[in-house]
Amino acid sequence: MGLPFAIRHVPQRVVTGAFVLHSGLEKWNGSPEQAEMLHGLASNAYPQLKSIPPDKFLKLLSAGEIATGSLLLAPFVSSRVAGLALTAFAGSLLGMYWRTESMHKPGSIWPTPGGIPVSKDVWMLGIGLGLMLDQASRKKS
């Protein structure tokens, strides 16, 4: 019985999964200031998040990152599933980027200096889409 993904996916999955997992673990015991800052950014882009208390939001964000990173690292999870999780996660970050006017130049996709940290998450979107598309194009043996 082989892996549920191509061996060529290992570098993308390990590097991205470790990065996202680490980010989630770092947020798990985040400070109230970190919770307020991240909650403010997210709730400005996604107003429905305003009703969630900042500390609970930080735990949910952390759990989402831990789950996404773990799916990428788990050898029994297909690249299609791992790629879908990563694409959804990166898409929400890039949605926040696009909805926050101060993160990008007016009328442009290009970031302002303050938007660079979030705009760089586009690499995760590309990896997630690549994992899904590659898995979909593989022929069953």
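The values are calculated or read from the model by the stated rules, or taken from the named source; none is laboratory data. Predicted model, so just to flag it, every value in this text is computed and none were measured. Virtual Cβ from ideal backbone geometry, glycine too; neighbours counted across all protein chains shown.
Scanning segment 13-61 for residues that are outside any helix (DSSP H, G or I) and within 30 Å of S78 (Cβ to Cβ) returns a single hit, Y46. Residues that are of a type in the set (S, T, N, Q), at pLDDT below 90 and in contact with a strand residue (DSSP E or B) (Cβ under 9 Å, 6 or more places away or on another chain) within segment 91-141 comprise just one, S119.
The single condition among (1) over 17 Å from the mean Cα position of the chain (by Cα); (2) closer than 18 Å to V14 by Cα that L71 does not satisfy is (1).
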